[in-house]
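Worksheet for the structure shown next.
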Amino acid sequence: MKPDDVCPRAERNAYPPNPPLAPPIFPSAVYQCDDPTQADGLLAGTIDGYVYLRDGHPNADWLAARCRELHGAERAIVCASGMSALSLALLAHVEFGDHLVVSSRLYGRSLRLLTEETARLGIASTVVDTCDLQATAAACNDATRWLIVETITNPTLRVSDLSALAELAHQYHARLLVDNTFASPIVCRPLEWGADLVLESLTKIMNGHSDVMLGALCGRAADWERVVDVCAMWGLNSAPFECWLAGRGLATLAVRQARAESNALQIAQWLADQAAVSEVLYPGLASHPDHKLAARQFAGRYGTMVSFTLAGGLDAATRFIRASDQIVFSPSLGDLSTTLSHPCSTSHRALSPAQCDALGISPGTIRLSLGLESIDHIRHALEAALNEAR
Ligand SMILES: *Cc1c(COP(=O)(O)O)cnc(C)c1O
């Protein structure tokens with residue numbers, strides 16, 4: 001073979017004669033077809049297999065199958081990010097003239113997508129506090145197609161009453177889309193409570209290692225007619241290596257989450273006794289406004305996020321964050337290590353003080369994403385930083 005002719009093609013890199021234990025990565029952007037009949041069947045979806053990466057690939061399908069099983073869904077698809085998954089839900093299911101009812105407590109980018117971007121496309125939306133069922137009912141009308149909420153909201157960790165919201169949506173012949181990112185399927189499987197579509201940002205605890213950006217959408221076969229095509233057409237697809245990494249992360253989700261939840265409950269209880277702390281929000285504490293709902297809906301699990309307010313306001317929060325060298329200020333969640341965020345300067349910085357106040361967020365609010373360290377390590381780290389926040 002001439003040096004010019006050495007191409008790394010599959011047939012020249014024979015597969016191992018016996019299977020590897022670790023799953024393979026398939027980075028191939030395109031696949032080989034036997035003949036026109038097969039190519040036609042593959043593209044039509046009547047024959048199993050792949051043609052072009054944007055239309056689907058084995059690493060995405062493997063990951064989507066795990067998401068589908070975890071949520072007890074009939075269908076699932078993996079997208080490039082949580083926001084891609086939300087865009088896919090919109091593009092597949094909503095059109096000009098439709099109306100959306102959107103929770104005021106949604107993730108900031110979701111809220112903007114579902115109000116500002118949709119408005120450009122002739123899709124109307126009403127923003128409402130979906131913890132108030134009466135106000136939510138009043139926001140629905142005959143053009144309402146989707147009601148969009150989060151299972152556990154950021155950063156006050158309010159819990160959505162999914163069966164009540166599903167019933168309400170269905171009364172209006174609308175459907176319920178639930179962003180389950182803060183709960184994960186370990187804490188909640190929204191389809192079992194009547195939701196029609198579930199979104200997960202796999203970027204957070206599902207992957208759990210802060211090294212991947214992906215999202216997933218899970219739902220029913222009856223709602224899937226346009227989903228796969230729309231994902232390919234709008235280019236919302238995932239990359240093979242990301243899916244492979246997320247598959248590895250997902251394999252430890254249950255053990256990671258159990259450990260982080262145990263840390264979360266103990267830290268929430270400990271924070272409630274600290275003089276510098278004026279309020280602790282964790283759905284597992286009896287003091288949380290949604291504790292009873294959470295206990296019923298989540299079967300004794302309460303998630304890995306804890307928020308608290310420093311009595312000394314922004315000044316105390318700044319001193320606390322600067323002093324916190326073991327728990328870093330990193331405004332995302334679901335990492336292996338415990339991280340903190342400051343909603344007023346990050347996720348909620350676009351809001352006015354009055355809007356923040358209405359959501360129960362103050363300049364002294366700190367949000368913790370509990371990780372897998374020993375409880376002593378986390379407690380000592382918080383104790384040292386709290387000493388600076390008095
Ligand atoms: C991070 C996040 C998203 C967006 O997911 P990306 O993967 O960052 O695009 C959506 N909803 C919630 C609740 C999130 O935390």
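The values are calculated or read from the model by the stated rules, or taken from the named source; none is laboratory data. Predicted model, so just to flag it, every value in this text is computed and none were measured. Backbone-built Cβ (ideal geometry, glycine too); neighbour counts: all protein chains shown. Each accessible area value is taken on the protein alone, full model and side chains, heavy atoms only, with ligands, DNA and RNA left out. Shrake-Rupley method; radii C 1.70, N 1.55, O 1.52, S 1.80 Å.
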Checklist entry - Among all residue pairs at least 6 apart or on different chains, which show Cβ distances below 9 Å where the first residue, located in region 377-390, is assigned to a loop (DSSP other than H, G, I, E, B) and the second is of a type in the set (Asp, Glu)? => result 389/315
Next on the checklist: Anything in region 157-180 that is part of a loop (DSSP other than H, G, I, E, B), open to solvent by 10 Å² or more (accessible area, probe 1.4 Å) and within 16 Å of the ligand (Cβ to nearest atom)? List them, or say none.
Outcome noted: 158
Checklist outcome for this item: When region 96-110 is checked residue by residue, the ones that are under 15 Å from residue 160 (Cβ atoms) and of a type outside the set (Lys, Arg) are 101, 102, 103, 104, 106, 107, 110
Next on the checklist: Could you check region 282-314 and list, in sequence order, the residues that are within 16 Å of the ligand (Cβ to nearest atom) and either over 19 Å from residue 370 (Cβ atoms) or in a strand (DSSP E or B) (or both)?
Outcome noted: 305, 306, 307
Next on the checklist: Go through region 345-379 and report how many residues are open to solvent by 20 Å² or more (accessible area, probe 1.4 Å), within 25 Å of the chain's Cα centre (by Cα) and of a type in the set (D, E, K, R).
Outcome noted: 3
Checklist entry - Mind checking which residues of region 132-156 are of a type outside the set (Val, Ile, Thr) and not in a loop (DSSP other than H, G, I, E, B)? => result 133, 134, 135, 137, 138, 139, 145, 146, 147, 150
Checklist entry - Quick check: anything in region 315-329 within 22 Å of the chain's Cα centre (by Cα), under 15 Å from residue 153 (Cα atoms), surrounded by 14 or more Cβ atoms within 10 Å (Cβ to Cβ) and away from the ligand (no atom under 16 Å from the Cβ)? => result no
Checklist entry - In region 331-358, which residues are within 16 Å of the ligand (Cβ to nearest atom) and touching a residue at least 40 places away in the same chain (Cβ under 8 Å)? => result 332, 333, 334, 335, 341, 343, 347, 348, 350
